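> One structure follows; several queries about it will come next.
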Amino acid sequence: MGLVTEDDVQIARAEVESGEFEDQGIIDRLIAAQVVAPAHLTQAKAIQFGVETIDLDGVTLEDETVQQVPRHIVKQNNIIPVFFSEGVLTIAVSDPSDLDLMDRLNHQLKVDGIEYRVATQEQIDALVNQYYGGAEMEDGTNIGAMIQDITEGEIDLGFVKDETFGEGVEEVEADAPLIKLVNSIISDAFRGRASDIHIEPMEKVLRVRYRIDGCLEEVSSPPKKLQNAIISRLKIQSGMSIAERRIPQDGRIQLEVSGKPIDLRVNSLPTTQGESIVMRILDKSGLSLGLSELGFMADDQASFERMIGLPDGILLVTGPTGSGKTTTLYSCLNYINRPDKKIITVEDPVEYVLAGINQVQVNVAAGLTFAAALRAMLRQAPNVVMLGEIRDEETATIAINAALTGHLVFSTLHTNDAPSAVSRLIDIGIKPFLVASAARGIMAQRLVRAICKKCNEPYQPTDREMRALNITQDQINGGDSRKGVGCKDCTNGYRGRKGIFEVFVIDDNIRKLIFEKVSNTVLRARALEMGMNSLRDDGTRKVLAAVTTPEEVIEATVADEH
């Protein structure tokens, strides 16, 4: 190209061989000496490998183009998609000699063809930061440089000075590098559809994980030396005491990400390596879900709608922590929320604020327990009462009495299946005849990951899966069993979650059995005879309807036997 003379090369070679410039080659020295520019090097590589160059300055990427390559692939490979037309994707790379990279991309990207162009790494990085975020905040701050700013200097951010944390907490500058780093952890989780953020101190690392569709995924973590600073910042944001590190604490953070307000429920737990922080991202979009969007099949939905339309009685939703009970109860309240009904809830904590509903936050320290709040709210003459959870005999007794005196009561219990809730109430101390009289229905539920609608394909379950789900090949042939293959819009073939349900309707026959104190096994057997679909049965129906996969149902209903 005529850009370098023989003398230039000899000078650069001598400098490299002198050992004065470690880890630099001849080309590095030529660029450092400004004999050639990075753009010249890019052009030379392109000529050598027969690839066209592209100038990315001022280039605007279409949304469809950006969506073709997931963020993690862009970050890992230092590339940027540039154009997408008729199934062919044009990608800019800085090193056309990296054949392994090109081979990897051909396998990872689901497009008809890939064409490559060569651009400078600086131009690629600028577009990655602009369109994919994470490495750069919205105001242009680079996170890598941000971490370096913190780690290379003293951690002196107005509140992280020593073990005793002095005053002046409110004087922390809003643009301090640490604050931007913490905000980036939260905003990346929100954009990635995470429901929880886990910040866990390990012996040598500070581990950060996001829970996406119920599964934890580890992401790049900040340096261990920033552990105390990050945890303290989060505790300040959520209104916790930073001086107290020996007991668990709860707090709340309200932020705005990409113009959308989000709430986070924050919990700190002292561990041997420091305080573990878990933040639950409260997504209000799930509150307006109709019952069908929760994942009900038509028959179960009809039974459930009849139960929640009754004027009195108690309706229980059961399942382990994280099985979607709160979302189901909120959807029930939305379904029956009308101006002619007074609805009051008692929750610990109040996760979402619902329009038109009176919500009470439990405050044990002030004496406002579930039982105390429930007693007081009954004097407010409500039509519908929702209890966050029945935890003890006192609360259960008041809830049952409310159900027997003309109120419709919703609540939750932690049991493995629906019929077990009857035994649980009796174990708590409620008389069987009161349970039989008050209970209208019980529903157990679990969450399973839903198949991605964009990348699914027909799937033949294995023999083991068919035996576990008790299905035949004829049922497979008559249904629509599918599985996601993975694409830019999903995580390993799944996107979002749906419920699987066990709806236990309590009729006169069941009431008689409850009154007779029959065992849970007998009660369950009778319910199945009457047509109740077990959790696994409902999951099987959803496998055949292409809602989820056999693997998800088997894992979620491992203890379900009948």
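To keep it simple, each residue is scored yes or no on (1) free of Cβ contacts under 8 Å to residues at least 40 places away in the same chain; (2) in a loop (DSSP other than H, G, I, E, B); (3) open to solvent by less than 70 Å² (accessible area, probe 1.4 Å).
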{"residue": "216", "(1), (2), (3)": "yes, no, yes"}
{"residue": "240", "(1), (2), (3)": "yes, yes, yes"}
{"residue": "246", "(1), (2), (3)": "yes, yes, no"}
{"residue": "261", "(1), (2), (3)": "yes, no, no"}
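> Continuing with this model, one more query. If I filter the stretch 268-277 for residues that are without any contact (Cβ under 8 Å) to a residue 60 or more places away in the chain, more than 28 Å from residue 541 (Cα to Cα) and open to solvent by less than 50 Å² (accessible area, probe 1.4 Å), do I get at least one hit? I'd like the intermediate steps shown before the answer.
Initial filter on the stretch 268-277 (without any contact (Cβ under 8 Å) to a residue 60 or more places away in the chain): 268-270, 272.
Imposing the further condition that a residue be more than 28 Å from residue 541 (Cα to Cα) reduces the set to 268-270, 272.
Subset that is open to solvent by less than 50 Å² (accessible area, probe 1.4 Å): 268, 270.
Yes, the stretch 268-277 contains at least one residue that is without any contact (Cβ under 8 Å) to a residue 60 or more places away in the chain, more than 28 Å from residue 541 (Cα to Cα) and open to solvent by less than 50 Å² (accessible area, probe 1.4 Å).
> Of all residues in the stretch 89-111, how many are closer than 22 Å to residue 485 by Cα and open to solvent by 50 Å² or more (accessible area, probe 1.4 Å)?
6
> Among the residues of the stretch 416-430, is there at least one that is open to solvent by 50 Å² or more (accessible area, probe 1.4 Å) and touching a Phe, Trp or Tyr at 6+ places or on another chain (Cβ under 8 Å)?
no
> Just give me the residues in the stretch 279-298 being at pLDDT 90 or above and open to solvent by 60 Å² or more (accessible area, probe 1.4 Å), in sequence order.
Once the filter is applied, which keeps residues that are at pLDDT 90 or above and open to solvent by 60 Å² or more (accessible area, probe 1.4 Å), the stretch 279-298 yields only 280.
> Please give the helices (runs of 4 or more DSSP H) falling wholly within the stretch 401-483 in which 2 or more residues are farther than 30 Å from residue 313 by Cβ and among the aliphatic types (A, V, I, L, M).
Those helices (runs of 4 or more DSSP H) span 463-469.
> Among all residue pairs at least 6 apart or on different chains, which show Cβ distances below 7 Å where the first residue, located in the stretch 332-343, is polar (S, T, N, Q) and the second is not in a loop (DSSP other than H, G, I, E, B)?
334/287; 334/288; 337/343
> Can you find a residue that is closer than 25 Å to residue 117 by Cα, part of a loop (DSSP other than H, G, I, E, B) and either without any contact (Cβ under 8 Å) to a residue 12 or more places away in the chain or of a type in the set (Lys, Arg) (or both) anywhere in the stretch 17-33?
Yes; the residues of the stretch 17-33 include at least one that is closer than 25 Å to residue 117 by Cα, part of a loop (DSSP other than H, G, I, E, B) and either without any contact (Cβ under 8 Å) to a residue 12 or more places away in the chain or of a type in the set (Lys, Arg) (or both).
> Failed condition for residue 33, given (1) under 20 Å from residue 129 (Cα atoms); (2) loosely packed, with under 13 Cβ neighbours inside 10 Å; (3) more than 38 Å from the chain's Cα centre (by Cα), with all others met?
(1)
> Would a scan of the stretch 39-48 turn up a residue that is open to solvent by less than 40 Å² (accessible area, probe 1.4 Å), touching a strand residue (DSSP E or B) at 6+ places or on another chain (Cβ under 7 Å) and either in a strand (DSSP E or B) or over 30 Å from residue 1 (Cα atoms) (or both)?
No, every residue in the stretch 39-48 fails to be open to solvent by less than 40 Å² (accessible area, probe 1.4 Å), touching a strand residue (DSSP E or B) at 6+ places or on another chain (Cβ under 7 Å) and either in a strand (DSSP E or B) or over 30 Å from residue 1 (Cα atoms) (or both).
> Same structure again: Out of all the residues in the stretch 413-427, is one or more on the phi > 0 side of the Ramachandran plot, modelled with pLDDT of 90 or more and of a type outside the set (Asp, Glu)?
Scanning the stretch 413-427 turns up no residue that is on the phi > 0 side of the Ramachandran plot, modelled with pLDDT of 90 or more and of a type outside the set (Asp, Glu).
> As an exercise: evaluate residue 495 against (1) part of a strand (DSSP E or B); (2) of a type in the set (D, E, K, R); (3) under 20 Å from residue 540 (Cβ atoms) and give the number of the one condition it does not meet.
The one condition residue 495 does not meet is (3).
> Would the stretch 12-20 turn up any residue that is of a type in the set (Val, Ile, Thr) and loosely packed, with under 13 Cβ neighbours inside 10 Å?
No, the stretch 12-20 contains no residue that is of a type in the set (Val, Ile, Thr) and loosely packed, with under 13 Cβ neighbours inside 10 Å.
> Provide a single number: the residues in the stretch 78-88 that are closer than 16 Å to residue 125 by Cα and crowded, with 18+ Cβ neighbours inside 10 Å.
Residues in the stretch 78-88 being closer than 16 Å to residue 125 by Cα and crowded, with 18+ Cβ neighbours inside 10 Å: 4 in total.
> Test residue 103 against the stated conditions and say whether it is closer than 20 Å to residue 43 by Cα, among the acidic types (Asp, Glu) and without any contact (Cβ under 8 Å) to a residue 12 or more places away in the chain.
no
> Could you list all residues from the stretch 504-522 that are open to solvent by 60 Å² or more (accessible area, probe 1.4 Å) and closer than 13 Å to residue 418 by Cβ?
Scanning the stretch 504-522 gives a single hit, 505.
The values are calculated or read from the model by the stated rules, or taken from the named source; none is laboratory data. Keep in mind that what you see is a predicted model, and the values were worked out from it rather than measured. Here Cβ is always computed from backbone atoms with ideal geometry, including for glycine, and neighbour counts include all displayed protein chains. Just the protein is used for accessible areas: all its heavy atoms, side chains included, with ligands, DNA and RNA removed. Shrake-Rupley method; radii C 1.70, N 1.55, O 1.52, S 1.80 Å.
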